[in-house]
Amino acid sequence: MEGNLKLMVTKIKSTNTGQLGRITGRRVAARGKAGGSGKSRGSDRQDDVAISTISRTIGAAGEAITQAPDVRVELVEPIREALAGGRYNISSLDVADKILRQVLQDRKSRM
């Protein structure tokens, strides 16, 4: 996963109510302007954003992925050193045995 998941919230400082009316197709009353009726029909509500538990989990997983190393050095380094020193020997019989076991297991799971 590339990058971090981020939530961006932008506060709208001013609005042109005529443009909002054209966009929404409804009449939009301006708040706090002179000449208004003085009555509030829910225009003083505040908008709330709720982030679900799964969204938080996904965000935490994304953060963990970005902080995790690409290679588990503690596992790779001993093998790398053994290869460089000529001490890493692989048994061809062991490789063949594991290949055959995997093939047989795959066939068994298909049946």
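Some notes on this structure:
- Between I90 and Q46, the FRET efficiency estimated from the beta carbon spacing at R0 = 41 angstrom works out to 0.05.
- Gain upon complete extension [D97, E81; 0.36 nm per residue less C-alpha separation]: 3.2 nm
- The residues packed around Q105, meaning those with a beta-carbon under 15 Å from its beta-carbon, carry a net charge of +3 if Lys and Arg are +1 and Asp and Glu are -1.
- Shape of the range 71-111, Cα gyration tensor, a/c cut at 1.5: oblate
The numbers here are math on the coordinates, done by the rules we state, and not lab data. Source: prediction; values computed, not measured. Positions of Cβ are backbone-derived with ideal geometry, glycine not excepted, and every protein chain shown enters the neighbour counts.
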